[in-house]
Amino acid sequence: MQVWKFGGTSVGKPERMKSIRDLVTANDTRKIVVLSALSGSTNALLAIGEALTKGEKVAAKEQLVALRAHYDQFLTELFSTEEGLNEGKAIVEKEFGFIESLANLKIYTTKQDKQMVAEGELLSTQIFTAYMKEQGESVVLLPALEFMSIDADNEPELAKIEEKLGQILKGQSDKQILVTQGFICRNPRGEVDNLKRGGSDYTASLIGGAITAEEIQIWTDIDGMHNNDPRIVSRTFPVRELLFEEAAELAYFGAKILHPSTITPAKLKGVPVRLKNTMAPEAPGTVIKSETSGGAEIKAIAAKDNITAIYVHSTRMLNAYGFLRKVFDVFEKYKTPVDMITTSEVSVAVTIDNSENLDKIGEELRQFADLEEHDKDQSIICIVGNFLADKAGIAIKILEAVKHIPIRMISYGASEHNISLLVDTRHKNEALEALNEGLFTFE
Ligand code: ADP
Ligand code: ASP
Ligand code: MG
């Protein structure tokens, strides 16, 4: 069995949804098909939620009407029979009825907002399943809310997911295509929750891991993982093969094509992940697995924004053992992951991307250390490849490429696959371009 995930743009237009039917039925492999919301829907639902949170009911209703009209039009172009169209209309009527009931509530909290944003995936999957049925395909919808769950730390409950999904699948052995929602899940209170923006990739990987799928395919609007951010850099190209470790670094450090956690469940079970382009299905895309055939030393670059750098100096100066532990205890207390670290004898600089508790962290650090002013609006640029310890000359190549750009921090040597630089976000685009020109050769 394989898991195929289609993102928002891949289901965003009726003709695209029709082509997904062609893709998933082109061979005999049984598939779990994970769908995102139609492109734009999640943003629209979040905007409606924001208006409701602010008490702007009229604005929320206007946006709701516009979104509904979009779905009504979508249905008329997708279905070709009256029966199919009626089925589609019934789905939209039911889900928009629920959205309206949320909009009419006196109190609108995070709980309702999570139900609101889940509607995108609930709509897309039901509409697609109805369309597949209309076309006579062997299909069933597996509600993700029955098996996908997270714990109190927002971490997916791998064992539970595996067990519940296993049970559900036992009853569906006669079905060829099993459709489910990406992104959405239940939290420990049993409420509707989600895996954060872009979370459908993560759903696909969690499912792929849970069933130890033959392969996980992430279908999107580009022909695989590019060597650099194609939204910023002009000359980028697809990377054909990546190790799990390399892809995980790229996803974590900002390659939007994958949700930051996508690789973890797949790597755990050794399930290959293939990135494919819905617009060009014949293109080879990128395969991510535990071994690759070698290839280039430097494979790809990604960048992560909204980073804050914190500079901590020990007040005890020399021989400050135990100092790092005390520093990291503070970050642990506030559940704030640290991305980059550099140290000297008496100082340590760290970066964080979640600055929600920055003030409290600063207050606690000041009890035993001096703090320099934080640097906000920083970007981590992550260079990924095979940087084996006995190889010489890679650092100079990188630094030579960005010699005209001020570098705040450098992290080298922690992993054989990652070299990171911290730059002010003002310099990010220029740094990405410069690294692209300096580190890759173009035909
Ligand atoms: P989907 O809606 O299918 O999940 P996303 O928009 O989340 O699609 O991800 C695909 C987009 O990721 C591409 O259109 C591209 O602009 C962006 N992207 C950013 N970095 C990379 C990269 N290194 N390689 C490929 N795509 C990237
Ligand atoms: N629809 C969700 C989002 O836009 C999840 C996803 O597309 O992966 O973030
Ligand atoms: Mg995405």
How are the Cα pair distances of region 378-425 distributed, in percent, across 10 Å bins from 0? 25, 57, 17, 0
For the residue pair T343 and R68, what label-to-label distance in nm results when each label sits 7 Å from Cα along the Cα-to-beta-carbon direction? 6.1
Rg and Dmax of region 103-173, using alpha carbons, in Å: what are they? 15.6, 45
Karplus ³J(HN,Hα) for region 389-401 (6.51 cos²θ - 1.76 cosθ + 1.60, θ = phi - 60°; Hz, whole; x = Gly/Pro) runs 4, 8, 8, 10, x, 6, 4, 5, 4, 5, 5, 4, 5
In terms of the alpha carbon gyration tensor, root eigenvalues a ≥ b ≥ c, rounded if a/c is under 1.5 and otherwise prolate when a/b exceeds b/c or oblate, region 187-332 is prolate
Exposed-loop-free span, longest in the chain, where chymotrypsin sites (Phe, Trp or Tyr not before Pro) count as exposed if DSSP calls them loop and at most 11 other C-beta atoms lie within 10 Å: 1-320
Given that compact globular proteins tend to follow 2.2 N^0.38 Å, what is the ratio of the alpha-carbon Rg of region 269-385 to that value? 1.47
Roughly speaking, to the nearest percent, how much of region 1-139's 1.4 Å accessible area is carbon and sulfur? 51
Among bridges DSSP assigns within region 114-199, what percent are antiparallel (round to 5)? 45
Accessible area per residue of the chain at 1.4 Å probe, in Å²? 46
Set the bar at 18 Å for Cα to Cα. Now go through K196/K269; K54/K376; K18/K133; K160/K289; K13/K196; K403/K428 and name every pair that lies beyond it. K196/K269; K54/K376; K160/K289; K13/K196
Considering only DSSP beta bridges with both partners in the chain, what is the antiparallel share in %, to the nearest 5? 60
So for region 65-187, what are the equivalent ellipsoid semi-axes in whole Å, largest first, each being the square root of 5 times an eigenvalue of the Cα gyration tensor? 26, 24, 9
How far is the Cα center of region 56-82 from the Cα center of region 161-237, in Å? 26
Using DSSP to call loops (not H, G, I, E or B), can you name the trypsin sites (Lys or Arg not before Pro) in region 354-443 whose Cβ has at most 15 other Cβ atoms within 10 angstrom? R366, K391, K403
Indicate the gyration tensor shape class of region 1-160 (rounded, prolate or oblate), computed on the Cα atoms with a ≥ b ≥ c the square roots of the eigenvalues: a/c under 1.5 is rounded; otherwise a/b larger than b/c is prolate and the rest oblate. oblate
Could you give me the ³J(HN,Hα) list for region 432-443, computed from phi with Karplus coefficients 6.51, -1.76, 1.60 and θ = phi - 60°, whole Hz, x at Gly and Pro? 5, 4, 5, 5, 4, 5, x, 10, 10, 10, 10, 6
Using Cα positions and a limit of under 16 Å, work out the aspartates and glutamates in reach of K326, with same-chain residues fewer than 8 apart set aside. E345, E363, E364, D370
Over the alpha-carbon set of the chain, work out the extent along each principal axis and list the three values in angstrom, largest first. 78, 56, 40
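The values are calculated or read from the model by the stated rules, or taken from the named source; none is laboratory data. It should be emphasised that the depicted structure is a prediction, and the values quoted were computed from it without experimental measurement. Every residue, glycine as well, gets a Cβ built from its backbone with ideal geometry; the counts of neighbours run over all protein chains shown. These area figures cover heavy atoms from the full protein model, side chains too; ligands, DNA and RNA do not enter into them. Shrake-Rupley method; radii C 1.70, N 1.55, O 1.52, S 1.80 Å.
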